[in-house]
1. How would you order 173-186, 40-53, 92-105, 122-135 from highest to lowest mean count of nearby Cβ atoms within 10 Å?
2. Taking the Cα centre of each part, how many Å lie between segment 38-109 and segment 130-152?
Amino acid sequence: MEDKKLNEQESLELITRMIQNSKKNLELGSGNIFLLWGYLSAVMAAVVLLLVWLTGMLKWNWLWFAIPLLGWPLQAYLQKKTERRVLTYTDKVIASVWGVLGMAMGVGAAFYCVDADRAMLILPLMVLCAGIGVAITGNIIRDRWMRFCGVLSFFVGLFSLKGMESFNLEGWYSDCITFIVCIVLMFIIPGHRLNREARRLRKKGGE
C-alpha cells in the first residue's frame, strides 16, 4: 500500500516537473516564443492597418505572410543561441498542436487573400485558430490567464465570422484592432508572465 502511494506521488512530481520544463522551454534568450510571435504579429497588424487606411487597398493583406517568413527564421536563430533542453512529452504535444494550427492558418490566409470579398475573413480566422492554440497551451502548462484569453479570443473570432454578411472596410478596421488586442492578451502578456515566473524559479533554485 505504501509503495502504491509512493508511486502516485512520484507520478505527480513527474507531471509537475514536465509542466515546469515546458514553461522553461518556451523561453528564447531574454524573451520567449510567445513574445516573439506576439510582438511580430502586433507590429505587422499595425503596419497593415496603417497601409490599408492610407491607401484603401486590401492588397496589403499579403503582408500577413511576412509573419511566418520572419518568425520561423528568428525562432530558429534564437533557439540555436540558447541552451538545448530535453523535450518532454508536453513539449511535443504543444509543438504538434501549433504545427497543425500553423498549417491551417497559412492555408486559410492564402485562400482568403485571393480577393477582397473574402479578405475580411482573414483576421477572425487567425484569432479563432490562435485562440484554440493558446487555450490548449494554457491548459497543458496550467496557466489560467492563457487558457481564459485563448477561449475568449476563440469566441471573438467565431462571432466575428458568424456576423459577416458582406465586405465592409470599416468592419475590417474593427477586426484588425480586435486582432491586435487579442494578440496582446494571448501572446504578449502571457510571454512576460512566463518570463517573470522563469526568473522567479531560477532565483528560487539558486537559493
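1. Values: 173-186: 20.1, 40-53: 17.4, 92-105: 15.1, 122-135: 23.7.
Result, highest mean first: 122-135, 173-186, 40-53, 92-105.
2. 18 Å
None of the figures in this text is laboratory data; all of them are computed from the coordinates on show. These numbers come from a predicted model, not from an experiment. In this analysis, Cβ positions are derived from the backbone assuming ideal geometry, glycine residues included, and neighbour counts consider all displayed protein chains.
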